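*Asks:* Before we start, here is the structure in question, set down as structure tokens.
Just so it is clear, none of the values below were taken in a lab; they were calculated from the coordinates. None of these values were measured; they are calculated from a predicted model. As a convention, Cβ positions derive from the backbone with ideal geometry for all residues, glycine included, and neighbour counts pool all protein chains shown.
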């Protein structure tokens with residue numbers, strides 16, 4: 001959310017839009033797995049929620065904020081779900097709803113796509129009041145008429161001088177990000193309870209519900225391979241581990257270059273309602289209607 005205030009601080013306006021970045025897409029996948037899927041399974045401490053960890057976080061942060069994920073010896077406590085972004089591709093054949101390229105506006109602000117437009121009420125009222133005063137005031141000889149010298153006298157005349165506020169953003173660039181969701185457990189019952197909601201969430205098709213964060217929504221497609229690997233067949237002394245990797249492809253979009261962009265991410269413009277070209281009477285020798293003779297004299 002972006003707040004714009006005037007100098008006095010009495011007027012506050014909120015623009016409910018944040019640029020879509022790679023971190024926004026990452027957050028959307030994490031929120032989808034953590035909040036929407038909300039996976040539970042049976043453990044030795046009851047039916048509990050499976051913790052979800054973003055593996056790209058700094059190790060120091062994982063140690064400080066994820067103390068419950070490791071035992072006294074530093075080993076991970078299963079079951080656990082980890083998410084990692086493998087790579088992303090800028091595929092020119094997948095451009096979303098903006099198939100053609102729209103160049104930015106040729107000025108210092110830029111902006112390509114219009115996302116909102118509204119009437120600028122105060123400036124529109126100024127033009128209407130000026131027209132009303134010009135028709136009803138003593139200048140027009142109507143000082144004694146009804147509503148004379150009233151700047152906001154109502155009129156049936158069609159409003160032509162309307163000021164609009166237009167909000168534009170940079171051209172969205174579509175990318176396909178690929179994620180790996182890894183599930184690790186110690187027992188087969190746990191891996192079965194965790195994997196099944198992922199299989200059934202998309203129904204009978206290979207399309208999952210929309211994932212989103214900060215007001216942005218993206219389409220997600222889940223791979224059809226849910227194979228499980230395990231070391232149960234090895235009769236060694238290592239701990240038993242069941243592991244399933246689920247591939248997730250997210251068709252997302254990026255807006256702007258974030259902090260490396262010189263132009264603003266949100267551009268607000270006002271349209272012109274009247275164009276006036278002044279003339280210098282001295283240069284062209286025009287005769288003023290209220291003076292007899294030449295203006296130069």
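*Asks:* Using a Förster radius of 41 Å, what is the FRET efficiency between residue 201 and residue 127 based on their Cβ-Cβ separation? Nearest 0.05, please. Kindly include the intermediate steps, with their values, before the conclusion.
*Replies:* Working: r = 55 Å, r/R0 = 1.34.
With R0 = 41 Å, the Cβ-Cβ based efficiency is 0.15.
*Asks:* So, R0 is 51 Å and r is the distance between the beta-carbons of residue 115 and residue 44; what FRET efficiency does that work out to, to 0.05? Show your work: numbers first, answer last.
*Replies:* Values: r = 51 Å, r/R0 = 1.01.
Once rounded, the FRET efficiency stands at 0.50.
*Asks:* Give me the extension gain from residue 275 to residue 105: residue separation times 0.36 nm, minus the current Cα-Cα distance, reported in nm with one decimal. Please report the intermediate quantities before stating the final value.
*Replies:* Values: separation 170, 0.36 × 170 = 61.20 nm, distance 2.07 nm.
My answer for the length gained is 59.1 nm.
*Asks:* Same structure again: Taking the simple approach of a point 7 Å from Cα along Cα-to-Cβ for both residue 239 and residue 258, what is their distance in nm?
*Replies:* Rounded to a tenth, the inter-label distance reads 3.3 nm.
*Asks:* Could you sort 225-233, 77-85 so that the peptide with the highest average Cβ count within 10 Å comes first and the rest follow in order? It would help to have the intermediate numbers written out before the result.
*Replies:* Numbers: 225-233: 10.6, 77-85: 18.4.
In descending order of packing, they fall as 77-85, 225-233.
*Asks:* Moving to a separate point now. Spin-label point model (7 Å from Cα, Cβ direction): what's the residue 219 to residue 178 distance in nm?
*Replies:* For the pair residue 219/residue 178, the computed spacing is 1.9 nm.
*Asks:* Continuing with this model, one more query. So if each residue of separation counts as 0.36 nm, and I subtract the Cα-Cα distance between residue 164 and residue 232, what length gain in nm does that give? Can you show the working numbers first?
*Replies:* Working: separation 68, 0.36 × 68 = 24.48 nm, distance 6.82 nm.
That pair, residue 164 and residue 232, stretches by 17.7 nm at full extension.
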